[in-house]
């Protein structure tokens, strides 16, 4: 079982749609969670951290369910510029533990 | 430009040759990571340093791979006796960690093609 698993893509949605991505992680000791965004042929960049209470940044909402070891990202009112691959990332925060990336879910927003 | 820089950006080599990639992190960052990414996959962790200490090395990293960060600044990743399966984008990232986990800042990557 992979450490971080994500919804298979691609997701093809029209502008204005709401889309949700899911991610599960296998290590119950995981403490920190993130969503990174990667544009085509570019490097990954941090989109947002994921907090236990859930957090929102504009049109983006991240949720964490520790009991189910599940993370989600909701994008409301999709824009063409949201087209990218969204990577789920987890780490245990312990010394000597790196950030582990999921395979990524590709989103394509069309007009 | 004060971001993470990687060199070379592209490398084409023949199977069996050795290659070396260099990464210059953001200057005040104490952690430096190496990841490998192939088409359609997320970045796969290879190794990371905190200052000059190599704290973790992936089980997937064969003995042909070695990384150094001699003075806690730049890092090199060497692949010996390259194989076609080594073809990938090699990404370097750095972060500033003062407790917890800092945001990773990635370089643009070094693309390796092994013929």
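Here are some notes:
- Segment A:52-63 residues that are more than 15 Å from residue A:21 (Cβ to Cβ), paired with ones that are not in a strand (DSSP E or B) (beta carbon under 8 Å, 6 or more apart): A:52/A:66
- With respect to the conditions (1) surrounded by fewer than 19 Cβ atoms within 10 Å (Cβ to Cβ); (2) in contact (Cβ under 8 Å) with a residue 60 or more places away in the chain; (3) within 10 Å of the chain's Cα centre (by Cα), residue A:9 lacks only one, and its number is (3).
- Being closer than 18 Å to residue B:109 by Cβ and surrounded by fewer than 16 Cβ atoms within 10 Å (Cβ to Cβ) is not true of residue B:43.
- Segment A:86-103 residues that are within 19 Å of residue B:92 (Cα to Cα), paired with ones that are modelled with pLDDT under 85 (beta carbon under 6 Å, 6 or more apart): A:91/A:97; A:91/B:101
- Any hit, segment A:43-58, residues being closer than 26 Å to residue B:92 by Cα, out of contact with any helix residue (DSSP H, G or I) (no Cβ under 6 Å at 6 or more places or on another chain) and away from chain B (no Cβ under 14 Å): no
- Which numbered condition residue A:56 misses (of (1) assigned to a loop (DSSP other than H, G, I, E, B); (2) surrounded by fewer than 13 Cβ atoms within 10 Å (Cβ to Cβ)): (1)
- Segment A:21-46 - residue that is assigned to a loop (DSSP other than H, G, I, E, B) and touching a strand residue (DSSP E or B) at 6+ places or on another chain (Cβ under 8 Å) and, of those, surrounded by the fewest Cβ atoms within 10 Å (Cβ to Cβ): A:40
To keep it simple, each residue is scored yes or no on (1) within 19 Å of residue A:28 (Cβ to Cβ); (2) surrounded by 21 or more Cβ atoms within 10 Å (Cβ to Cβ); (3) at pLDDT 95 or above; (4) within 14 Å of chain B (Cβ to nearest Cβ).
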{"residue": "A:62", "(1), (2), (3), (4)": "no, yes, yes, no"}
{"residue": "A:82", "(1), (2), (3), (4)": "no, no, yes, no"}
{"residue": "A:93", "(1), (2), (3), (4)": "yes, no, no, yes"}
{"residue": "A:100", "(1), (2), (3), (4)": "yes, yes, no, yes"}
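- Filter pass, residue A:49 being touching a residue at least 12 places away in the same chain (Cβ under 8 Å), part of a strand (DSSP E or B) and in contact with a strand residue (DSSP E or B) (Cβ under 7 Å, 6 or more places away or on another chain): yes
- Filter result for residue A:89 (in contact with a strand residue (DSSP E or B) (Cβ under 7 Å, 6 or more places away or on another chain), part of a strand (DSSP E or B) and within 14 Å of chain B (Cβ to nearest Cβ)): yes
- Here residue B:35 fits the description: at the interface with chain A (Cβ under 10 Å from one of its Cβ atoms) and under 14 Å from the mean Cα position of the chain (by Cα).
- Pick from segment B:48-74, criterion within 14 Å of another protein chain (Cβ to nearest Cβ) and touching a residue at least 24 places away in the same chain (Cβ under 8 Å), ranking: surrounded by the fewest Cβ atoms within 10 Å (Cβ to Cβ): B:50
- Hey, residue A:108 surrounded by 14 or more Cβ atoms within 10 Å (Cβ to Cβ) and within 14 Å of chain B (Cβ to nearest Cβ) or not: no
The values are calculated or read from the model by the stated rules, or taken from the named source; none is laboratory data. In this text, all values refer to a predicted model and were calculated from it rather than measured experimentally. We place every Cβ from the backbone using ideal geometry, glycine too, and count neighbours over all the protein chains shown.
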